[in-house]
Amino acid sequence: MTAKPSFYITTPIYYVNDVPHIGHAYTTLACDVMARFKRLDGFDVWFLTGTDEHGQKVEKSAAAAGMTPISFCDKVSARFRDLAEVMNFSNNNFIRTTETRHIEACQALWRKLEEKGEIYLDKYAGWYSVRDEAFYTEGELQQGPNGEKLAPTGAPVEWVEEESYFFRLSAWGDRLLEHYAANPDAILPASRRNEVLSFIKSGLRDLSVSRTSFTWGVPVPGNDRHIMYVWIDALTNYITELGYPATDSEQFQKFWPNAMHVVGKDILRFHAVYWPAFLMAADLTTPKRVFAHGWWTNEGQKISKSVGNVIDPFAIVEEYGLDPVRYFLMREVPFGQDGDFSKRSVVNRINADLANDLGNLAQRSLSMIAKNCDAKVPEHGAFTEADLAILKAASADLLETVRKHMDRQEIHLALEAIWRVVSDANGFFAASEPWALKKSDPERMGSVLYMTAEILRNVGLLTQPIMPEKSAKLLDQLGVAEDARGFDQIGEAGRLQSGRPLPAPQGIFPRIQVEETL
Ligand code: ME8
């Protein structure tokens, strides 16, 4: 047997200075959808998420909560694990940067960089934002309302003067540009890639990679007055997970060559400039792709704790149900672009696409089958050319289209293609009038119902990554065995067998009553 192709997908590891909100849920959800998709498509998948627990920001939050840093981290990190549970994320592991194996991996990477002459000791004098955990040049700063200096993100900055190790980032610009010229899809979407390229072309300065003014971090090997800059520590999590420094381990060899990092646009620079430079400098290959998605606002406003409009993912799942929320988040906004969350758009989307389109198709066809076909998969007559074309469009062709979009993280386009098939199937069902055929041409009625059920099976297989539970219910109702739900079953390979008994149909996608929620 040939080995399965591999796929390694990671989320950012989230800071534990704050509890999880919709933005965190969104990124991990997108990764979950891709991980599930690839597993169903025959890949050996490793899907990682976790928490970023070091740095000045976390140290300050722990102090403000009157807790030791580690007990504070334990508490907040557990909330991110709960979120993974509640959102039905299929991550293979959950990493924490306070784990010993991670501290060892960071120190091994540091030693390697030092050995190679990529790190040197000097003095840093400049602006630092604790909120962003980022260094800024004078020229990047903007003025606040009271004349104070602010980071380009609007975060406060402080003047820092301390002894610091530096990474020779300035030496890597050309090699990064060469790398991205040779691998045009290594950063997606393309608009984000262009931003990264112009940042690199504007000239890279050496990067301060250690701090001495606080202690909550990974000690620099051989000089523990210094702790590592939190980003060097954080980014390393992606290879800690695969066993770094054991680069010849099976996990590392299998997954690192097919790594994809999904991040929000706010942290693309760290992933697409600093990280590949660290990796190349340490003789490691770079991730195959970094995908940066857009930013959610809430009812048109920036989501922020101070505005008090943070969307709690636990609460919206409670209110609308898990799979409808998963569907909404992936369908509403083109993946990569910014989007706005509003209750009205959630309700409209769920009612239109799930209750009306998919829900009605399933409900109408399955209840007709229950009544008129003895609750069995219908017998059918010979298929016409047109019938075969409809079936193909809803199976092999659809898989090809969906796969093509998923390979570029165009999740919304994949969903659009599936829903086009659902809409065509509704059209076919209505135009065929199976209720009228019952008397005039029962064999044709059987064919129409069979085809509709078969389309629903293919749709149900393809919606599993987005709506695992609802899709399972749909496939249960079509009598599809649990071991026949991979994408190798799409189309003729997995065709429903006429005469197989079916369970009693039940509504899967209830309508949300607008008055109740708005
Ligand atoms: O940056 N819309 O962690 P973080 C969409 N620890 N996505 C959002 C969002 C919003 N309004 N708000 C947050 C860190 N996100 C570092 C990462 S990785 C080696 C270290 C998501 O807790 C988005 O994915 O600030 C963003 O990149 C991430 O949360 C930032 O999470």
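The values are calculated or read from the model by the stated rules, or taken from the named source; none is laboratory data. Just so it is clear, the structure is predicted and the values come from calculations on it, not from any experiment. For neighbour counting, all protein chains shown are included, and Cβ atoms are generated from backbone atoms with ideal geometry for every residue, glycine included.
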Worksheet item: Out of region 55-80, which residues are of a type in the set (Val, Ile, Thr), in a helix (DSSP H, G or I) and more than 16 Å from the ligand (Cβ to nearest atom)?
Response: Ile70
Worksheet item: Hey, any hits in region 195-207 for a residue that's farther than 20 Å from Tyr274 by Cβ, over 28 Å from the mean Cα position of the chain (by Cα) and surrounded by 13 or more Cβ atoms within 10 Å (Cβ to Cβ)?
Response: no
Practice prompt. Answer yes or no as to whether Leu437 is part of a helix (DSSP H, G or I), farther than 20 Å from Met368 by Cβ, of a type outside the set (Lys, Arg) and touching a helix residue (DSSP H, G or I) at 6+ places or on another chain (Cβ under 6 Å).
Written response: no
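Would you mind finding the one in Met445, Met451 that is of a type outside the set (D, E, K, R), assigned to a helix (DSSP H, G or I) and in contact with a Pro (Cβ under 8 Å, 6 or more places away or on another chain)? Show your work before the answer.
On the way: Met451 fails: in contact with a Pro (Cβ under 8 Å, 6 or more places away or on another chain).
Selected residue: Met445, the only one of Met445, Met451 that is of a type outside the set (D, E, K, R), assigned to a helix (DSSP H, G or I) and in contact with a Pro (Cβ under 8 Å, 6 or more places away or on another chain).
Specify which of the listed residues (Lys371, Lys404, Lys343) is over 28 Å from Gly507 (Cβ atoms) and either surrounded by fewer than 16 Cβ atoms within 10 Å (Cβ to Cβ) or under 34 Å from the mean Cα position of the chain (by Cα) (or both). So that I can check it myself, show each step before the final result.
Details: Lys371 fails: over 28 Å from Gly507 (Cβ atoms); Lys343 fails: over 28 Å from Gly507 (Cβ atoms).
Step by step, each of Lys371, Lys404, Lys343 is checked, and only Lys404 is over 28 Å from Gly507 (Cβ atoms) and either surrounded by fewer than 16 Cβ atoms within 10 Å (Cβ to Cβ) or under 34 Å from the mean Cα position of the chain (by Cα) (or both).
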Worksheet, complete the sentence: Every listed condition ((1) surrounded by 18 or more Cβ atoms within 10 Å (Cβ to Cβ); (2) in a helix (DSSP H, G or I)) holds for Pro465 save (2)
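Considering region 1-24 alone, what residues qualify as being more than 9 Å from the ligand (Cβ to nearest atom) and assigned to a helix (DSSP H, G or I)?
So the first thing to find is which residues in region 1-24 are more than 9 Å from the ligand (Cβ to nearest atom), and the list is 1-9, 19.
Result: no residue meets the conditions.
Does any residue of region 127-146 turn out to be within 31 Å of the chain's Cα centre (by Cα), farther than 18 Å from Met228 by Cβ and without any contact (Cβ under 8 Å) to a residue 40 or more places away in the chain?
We begin by selecting, within region 127-146, every residue within 31 Å of the chain's Cα centre (by Cα); these are 128-136, 140.
Right, trim to farther than 18 Å from Met228 by Cβ and you get 131, 136, 140.
Still in the running and without any contact (Cβ under 8 Å) to a residue 40 or more places away in the chain: 136, 140.
Yes, because at least one residue in region 127-146 is within 31 Å of the chain's Cα centre (by Cα), farther than 18 Å from Met228 by Cβ and without any contact (Cβ under 8 Å) to a residue 40 or more places away in the chain.
Would you confirm, using the coordinates I've provided, whether Asp248 is away from the ligand (no atom under 16 Å from the Cβ) and surrounded by fewer than 24 Cβ atoms within 10 Å (Cβ to Cβ)?
Here the answer is yes, as Asp248 does meet what is asked.
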Discussion item. For the list (1) in contact with a His (Cβ under 7 Å, 6 or more places away or on another chain); (2) in a loop (DSSP other than H, G, I, E, B), I need the number of the one condition that Gly499 fails.
Written reply: (1)
Fill in: Pick from region 284-328, criterion in contact (Cβ under 8 Å) with a residue 24 or more places away in the chain, of a type in the set (Gly, Ala, Ser) and in a loop (DSSP other than H, G, I, E, B), ranking: surrounded by the fewest Cβ atoms within 10 Å (Cβ to Cβ)
Gly300
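Before we move on, is Leu29 modelled with pLDDT of 95 or more and closer than 18 Å to Trp231 by Cα? Give the derivation first.
Working: modelled with pLDDT of 95 or more: yes; closer than 18 Å to Trp231 by Cα: no.
The answer is no for Leu29.
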Practice prompt. Answer yes or no as to whether Phe43 is at pLDDT 95 or above, away from the ligand (no atom under 14 Å from the Cβ), touching a strand residue (DSSP E or B) at 6+ places or on another chain (Cβ under 8 Å) and under 20 Å from Asn237 (Cα atoms).
Written response: no
Practice prompt. Identify all residues within region 329-347 that are assigned to a helix (DSSP H, G or I) and either under 26 Å from Leu268 (Cα atoms) or of a type in the set (Asp, Glu) (or both); write none if there are none.
Written response: Leu329, Met330, Arg331, Glu332
Worksheet item: Got a number for residues in region 223-245 being over 24 Å from Glu162 (Cα atoms), among the aromatic types (Phe, Trp, Tyr) and within 11 Å of the ligand (Cβ to nearest atom)?
Response: 1
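Looking only at residues in region 45-65 that are over 21 Å from the mean Cα position of the chain (by Cα) and not hydrophobic (A, V, I, L, M, F, W, C), which one is surrounded by the fewest Cβ atoms within 10 Å (Cβ to Cβ)?
Start the filter on region 45-65 by keeping residues that are over 21 Å from the mean Cα position of the chain (by Cα), which leaves 54-65.
Okay, now just the ones that are also not hydrophobic (A, V, I, L, M, F, W, C), so 54-57, 59-61.
On the way: His54: 28, Gly55: 27, Gln56: 22, Lys57: 20, Glu59: 20, Lys60: 16, Ser61: 19.
Restricting to residues being over 21 Å from the mean Cα position of the chain (by Cα) and not hydrophobic (A, V, I, L, M, F, W, C), the top hit is Lys60.
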Worksheet entry | Condition check for Pro276: in contact with a Pro (Cβ under 9 Å, 6 or more places away or on another chain) and either in contact (Cβ under 8 Å) with a residue 40 or more places away in the chain or away from the ligand (no atom under 11 Å from the Cβ) (or both) | yes
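Determine which member of the set Asp32, Asp52 is charged (D, E, K, R), near the ligand (Cβ under 10 Å from one of its atoms) and more than 22 Å from Glu250 (Cβ to Cβ).
Details: Asp32 fails: near the ligand (Cβ under 10 Å from one of its atoms).
It is Asp52.
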Worksheet item: Conditions: (1) within 16 Å of the ligand (Cβ to nearest atom); (2) on the phi > 0 side of the Ramachandran plot. Asn88 meets all but one. Number of the miss?
Response: (1)
Fill in: Selection from region 96-136 of residues that are touching a Phe, Trp or Tyr at 6+ places or on another chain (Cβ under 8 Å), outside any strand (DSSP E or B) and of a type in the set (Asp, Glu)
Glu118, Glu133
